[in-house]
Amino acid sequence: MIDVRRLRDDFDAVRHALARRGIDLSEVDRAADLDRRHRTLVMRRDELRGQKNTVSKDIGAARRAGEAARAFALTAESTAVGEELDQVEATTVAAERELAALLLRIPNLPADDAPDGASEADNPVLRVVGLDGADATSGYAEHQRVPHWEIGASLGILDLERGARISGSMFPVYRGMGATLARALCQLALDRNADAFEEVRPPTLVRTATLQATGQLPKFADDAYHIERDDLWLIPTAEVPLTSLRRNEILAEAELPVRLMGCTPCYRREAGSAGRDTRGLLRVHEFDKVEILAVTTPAQAAAMHAELLARAEGTIAALGLAYRIVDISTGDLGQSHARSFDIEVYAPGCGMWLEVSSVSWFSDYQARRANIRYRPAAGGQTIMCHTLNGSALAVPRVWAALVEVGRQPDGSVAFPAALHPYLRGATGIAARV
């Protein structure tokens, strides 16, 4: 969440920054009003507490001096002060809770260098790699222009019909070499980042506070799977448990940056996605993904953001896929994001650019929600950390692009050399006769 002190000390700047997102600013104004009211109530509460303590001492002194009438009058005064104190304390707690709930809903301030825009249509494309011209449809043969769901069905490696029978639509079943390919992609991403990132296999069922820490709650509750009986949530990404691995901790500056990676299943309800890019693997409810995540000092954040992007980009490049880097504009930034880049690959069978990775810097927004701080080496007060993460590799759309790009004239599929060590000696999938 944003620092409430910024609402007090630099309200106009906060309001201007959030206006760049194109959001309704009424909640921002309401939060500032609530903060002022809460601070006024706290001052009155403390005055009444002091007054009650003073009167209590005076009552004792009057009784010891045998001044019964004065003690009686002071007791009546103490009762009146106590009644007002109870009322003010209750109002203070209510205002504090309302303010806290409101701050959870207000998005992060976009970075100064995030491009302005109203929607994804305004996201600048920074560079395109792997295509000879600006036209993405050129350079691919007709045999590559078959969608992956048709290729998968013909080769017996993707079974959408039985997946729907087992769990419902948008729950794919990978079979044979299709399942091997999905696993190979995850292992490739883990191995490419093992030089600097600690591998963690976290729980995939988490508490409400864990999901709240990264900003998924309360705003995106409709997109998450909730097990009400146990009040646990299925994670939408490993970012959620990895961020909370250091929740409510104070780190030494020498420990930073903390670098973590995790390979987990991810679950998303995709509320409101009916009929929108839902064929094949374009949008699914369950998928495997390797996440890379870092906790840093503010000074380390920019370099870490660049590193995470380079690592995610390097893996896509190693797979031989054409891709582009997209700079996310202020109107398309996620709730918690201050700055974000997407990597999109071109899938010739679908005829679409597919987002396969999002690499994001959250400033201190998530760390404040999760209460992750560090103590400067030079001493002094603790400082909120910064958090960053990126999709090192998400399986479904990369799988789809590889199958389409790798399709051969005879219907077989060839895989890039980077995956060969993970395919049990196979280099592709033979066509069915």
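The values are calculated or read from the model by the stated rules, or taken from the named source; none is laboratory data. Remember, predicted model here, so these are calculated numbers, not experimental data. Positions of Cβ are generated from backbone atoms using ideal geometry, with glycine treated the same way; all protein chains shown enter the neighbour counts.
Here's the yes/no breakdown for (1) of a type in the set (Ser, Thr, Tyr); (2) in a helix (DSSP H, G or I); (3) under 18 Å from Ser391 (Cα atoms); (4) modelled with pLDDT of 95 or more:
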| site | (1), (2), (3), (4) |
| --- | --- |
| Pro265 | no, no, yes, yes |
| Asp277 | no, no, no, no |
| Leu293 | no, no, yes, yes |
| Ala299 | no, yes, no, yes |
| His305 | no, yes, yes, yes |
| Arg324 | no, no, yes, yes |
| Asp342 | no, no, yes, yes |
When Ala111 is run through (1) in contact with a Phe, Trp or Tyr (Cβ under 8 Å, 6 or more places away or on another chain); (2) hydrophobic (A, V, I, L, M, F, W, C); (3) surrounded by fewer than 18 Cβ atoms within 10 Å (Cβ to Cβ), the failure sits at (3)
What are the residues in the stretch 418-433 that are surrounded by 12 or more Cβ atoms within 10 Å (Cβ to Cβ), of a type in the set (Gly, Ala, Ser) and either within 18 Å of Leu155 (Cα to Cα) or more than 32 Å from the chain's Cα centre (by Cα) (or both), if any? Ala426, Gly428, Ala430, Ala431
Restricting to the stretch 68-104, what's the tally of residues that are loosely packed, with under 14 Cβ neighbours inside 10 Å and not hydrophobic (A, V, I, L, M, F, W, C)? 5
The residue that is surrounded by the most Cβ atoms within 10 Å (Cβ to Cβ), considering only those in the stretch 357-390 that are among the β-branched types (Val, Ile, Thr) and touching a Phe, Trp or Tyr at 6+ places or on another chain (Cβ under 8 Å), is Thr387
Could you tell me how many of the residues in the stretch 1-44 are assigned to a helix (DSSP H, G or I), of a type outside the set (A, V, I, L, M, F, W, C) and over 20 Å from Glu98 (Cα atoms)? 3
Output for Cβ contacts, cut-off 8 Å, separation at least six or different chains, first residue farther than 20 Å from Gln187 by Cα and β-branched (Val, Ile, Thr) in the stretch 404-433, second assigned to a strand (DSSP E or B) and modelled with pLDDT under 95, reads none
First in the stretch 159-173 and on the phi > 0 side of the Ramachandran plot, second anywhere and among the charged types (D, E, K, R), Cβ under 9 Å, 6 or more apart: Met170/Glu270; Met170/Arg283; Met170/Glu286
Does any residue of the stretch 151-170 turn out to be modelled with pLDDT of 95 or more and under 24 Å from Ser360 (Cβ atoms)? no
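Looking at the structure I just gave you, is Asn248 at positive phi and either among the small types (Gly, Ala, Ser) or over 12 Å from the mean Cα position of the chain (by Cα) (or both)? If you could, list the steps in order and put the result at the bottom.
Working: at positive phi: yes; either among the small types (Gly, Ala, Ser) or over 12 Å from the mean Cα position of the chain (by Cα) (or both): yes.
Considered against the rule, which asks whether it is at positive phi and either among the small types (Gly, Ala, Ser) or over 12 Å from the mean Cα position of the chain (by Cα) (or both), Asn248 comes out as yes.
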Scan Arg6, Arg36, Arg70 and give me the residue that is touching an Asp or Glu at 6+ places or on another chain (Cβ under 9 Å) and of a type in the set (D, E, K, R). Arg70
Of (1) in a strand (DSSP E or B); (2) without any contact (Cβ under 8 Å) to a residue 24 or more places away in the chain, Gln381 fails just (1)
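Can you find even one residue in the stretch 144-157 that is without any contact (Cβ under 8 Å) to a residue 12 or more places away in the chain, over 29 Å from Leu293 (Cβ atoms) and surrounded by 13 or more Cβ atoms within 10 Å (Cβ to Cβ)? Full working, then the answer.
First pass over the stretch 144-157, keeping only residues without any contact (Cβ under 8 Å) to a residue 12 or more places away in the chain: 153.
Next, from what is left, pick out any that are over 29 Å from Leu293 (Cβ atoms): 153.
Next, only the ones that are surrounded by 13 or more Cβ atoms within 10 Å (Cβ to Cβ) stay: 153.
Yes - at least one qualifying residue is present in the stretch 144-157.
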